[in-house]
Amino acid sequence: MAEFHLKTPLSEADVRALHVGDAVLLDGVVFGVRDGNLIRVFDQKVAPPCDWRGAALLHTAPNVRKLGPGKYEPVSVGTTTSMRMDRFTEGLVRDYGVRAILGKGGLSPASAALMQSYGAVYLSVTGGAAAMETLQIEEIEKVYWEDLMPECIWQIRFKALGPMTVGIDAHGGNLQHEIQQQAQQKVAELLRRMGIA
């Protein structure tokens, strides 16, 4: 397993160099997204108000403190489960050029195939690491679609976000799927040894 320290926006070469199990730290802008803003983009057909080419998107709806018009400071910026947003993967990587999706719990084999085709990765954030993640924020630079609060699009500048684990790479590797298969094999073996299967 290798360690990478990358800066956004990411190139296809950046993500093609990564493999399942590698550790990644990210510097630069990461966009916070969640169900509400992705539904607006894909179901309501409203183009995002920011450029996602080469972007890293974090599944989050942060807890923030308002300082003034359009200005917020982070209180707690955690990561949410990705699978319920799985259906948006194709549009994100194909139509908008997103290079990395950051979240927890993984994405489907279909999303892994799309990431291989279009050159993108899924970076697994350690669950329960909101306190550390929040300390890695330099600034919440902009907030788009504040009417969706807290499911706005958040433009957040991070310094050394992570370490995150490459859960899905651009070569067809899917760590969550591999672990699930191993667990199912172990259960089947246990049941066989117990004479149940």
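Report, by residue number, each residue of region 124-142 that is assigned to a strand (DSSP E or B) and either more than 14 Å from the chain's Cα centre (by Cα) or closer than 10 Å to VAL77 by Cβ (or both).
If the condition is that a residue be assigned to a strand (DSSP E or B) and either more than 14 Å from the chain's Cα centre (by Cα) or closer than 10 Å to VAL77 by Cβ (or both), then ILE137, GLU138, GLU139, ILE140, GLU141, LYS142 are the ones that fit.
Can you say whether VAL75 is in a strand (DSSP E or B), surrounded by 22 or more Cβ atoms within 10 Å (Cβ to Cβ) and aliphatic (A, V, I, L, M), as far as the supplied structure shows?
For VAL75, the condition - in a strand (DSSP E or B), surrounded by 22 or more Cβ atoms within 10 Å (Cβ to Cβ) and aliphatic (A, V, I, L, M) - is not met.
Return only the number of the condition from (1) buried (at least 16 other Cβ atoms within 10 Å of the Cβ); (2) of a type outside the set (Ser, Thr, Tyr); (3) over 12 Å from the mean Cα position of the chain (by Cα); (4) farther than 21 Å from GLN176 by Cβ that GLY32 does not satisfy.
Here GLY32 meets the rest and fails (3).
Give the residues of region 161-197 that are of a type in the set (D, E, K, R), surrounded by fewer than 17 Cβ atoms within 10 Å (Cβ to Cβ) and at pLDDT 70 or above, sorted by residue number.
Within region 161-197, GLU189, ARG192, ARG193 meet the criteria.
Out of everything in region 119-142 that is touching a Gly at 6+ places or on another chain (Cβ under 7 Å) and closer than 22 Å to ASP95 by Cα, what residue ends up being surrounded by the most Cβ atoms within 10 Å (Cβ to Cβ)?
Going through the qualifying residues, I end up with TYR122.
Here is a yes/no grid of residues against (1) hydroxyl-bearing (Ser, Thr, Tyr); (2) under 15 Å from the mean Cα position of the chain (by Cα):
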site	(1), (2)
THR8	yes, yes
SER11	yes, no
ASP14	no, no
ALA17	no, no
LEU26	no, yes
VAL41	no, no
GLN44	no, no
GLY54	no, yes
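Of these, ARG65, ARG94, which one is over 14 Å from the mean Cα position of the chain (by Cα), loosely packed, with under 14 Cβ neighbours inside 10 Å and assigned to a strand (DSSP E or B)?
Exactly one residue qualifies, and that residue is ARG65.
Which of the residues spanning region 104-123 are closer than 12 Å to SER82 by Cβ, at pLDDT 95 or above and not in a helix (DSSP H, G or I)?
TYR122, LEU123
When region 25-36 is examined, which residues are found to be touching a strand residue (DSSP E or B) at 6+ places or on another chain (Cβ under 7 Å) and either basic (Lys, Arg) or not in a strand (DSSP E or B) (or both)?
Residue satisfying the conditions is ARG34 alone.
Mind listing whichever residues of region 2-24 are under 19 Å from GLU141 (Cβ atoms), in a strand (DSSP E or B) and hydrophobic (A, V, I, L, M, F, W, C)?
Residue satisfying the conditions is LEU6 alone.
The values are calculated or read from the model by the stated rules, or taken from the named source; none is laboratory data. Given the structure is predicted, the values throughout are model-derived calculations rather than measurements. Counting neighbours? That spans all protein chains shown, and the Cβs are built from the backbone with ideal geometry, glycine included.
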